Every structure is written in structure tokens, then in C-alpha cells.
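Worksheet: one structure, shown below.
Here, each number is a calculation from the coordinates, and none is a lab measurement. From a predicted model like this one, the values you see are computed outputs, not experimental measurements. Cβ sites come from the backbone with ideal geometry, for glycine too, and all protein chains shown count toward neighbours.
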Amino acid sequence: MSRRIKRIDELARDMPPARDLWPAISAAIEADKAASGAPLQKQAARRSFWMPAAGLAASVVLVAVGVVIGTRLGGQQTTGVSPVAGIQKPVAEDSGMVRAGLRHAEYEKQRDALLLEVKARLETMPPADRAKVSASLETLQKSIKEIEAALGHDPANALLQELLVSSCQEEMRALTAVRDSGREEI
């Protein structure tokens, strides 16, 4: 009479295999060791001797490539004057590679065009509103500049990168809102 098993915990726990394969496996391993013998040990010793040197050489090459890429792509900017009087353009002298990756030329071109439109809109605003808007934009741009400076010291910091992107997006939203505020009155 065969017993019907309905759950896995009903299976027998101590059941020996039909045949033991380990003796054949062990004999094959020993035969390989005897056939290859000392040449493998010498090759392994030779290989382990050069591994640290090869690793060091590879790291030097990687650093050199990083420096070359950084100097070619990271055109560092040293002036921060924008087309809008009183509003500074965010500048990061230390973070050329970060700026190249996050704020490319097309973004800068669109931002500069938007700043010109905002300048024209600010001139038509009452003095009190103009002061508030200018102060808000300056605060946003100061924050972006500080984040870029921090990224210059820690370029791999994902939180700072995310903060930079969201701050730049917020600046663009604010500039667009100021530009579009005059169009509603027309």
C-alpha cells in the first residue's frame, strides 16, 4: 500500500541516495591535480605576483582618462554676470564636469533667453513687486550656486545632484511665471 503525500513536510527526511557519487568525484579531482602538478602552482604564483601591479596600472590609467575627460568637457566658467541686471548667473568654478553633465549648452541658451524676457517684464512691474521677485530669483540662484560648489567637492553625491536638478527646474518655473505674468494683463 503506497502512502499518499499531500504536503512537503510529510516527505521522509533521512533518505540515503541510491548511490554515493563522492568517491568518483574525489578521484577525478586527485587525478587532475596529479596530471597538472607543479606548473599550475607556478602559473598561479606568477599571476598573483603581477595582479597588484596590474591593478595599480589600471587605476592610474582610469584616473588619467578621467582627468582628460574632465578638462575637455568641463569648460570652467569664471564670470557670473547675466543679461538681467541684479540677477547673478549660477557659477561653479570647481564643478566643471558636473555642470557639463547637468546643465548643457541648450539649457543655458534657453535660460539666458528667458532671463532677457524676465528683465523686460521686471521693468514694467511696480517697484515693490519688482523687489520681491528679484529677491526671490536671487535666492534661488544663490542656492543653485551653493549646491554647485558643494558638488565640486563631492561630485558623486546623488542627493546634491538631485537637489541641483530640482533647484534648476524651480528656477525655470519661477522665471517662466514672471515672464508669463505680464501676458495675462494684455
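Remarks
- What the phi angles of the range 52-67 give under the Karplus curve with 6.51, -1.76 and 1.60, with θ = phi - 60°, is a coupling list of x, 5, 5, x, 5, 5, 5, 5, 5, 4, 5, 5, 4, 5, x, 5 Hz, glycine and proline written as x.
- Cα-projected label distance for ASP32 with LEU62, points at 7 Å along beta-carbon direction, nm: 3.1 nm
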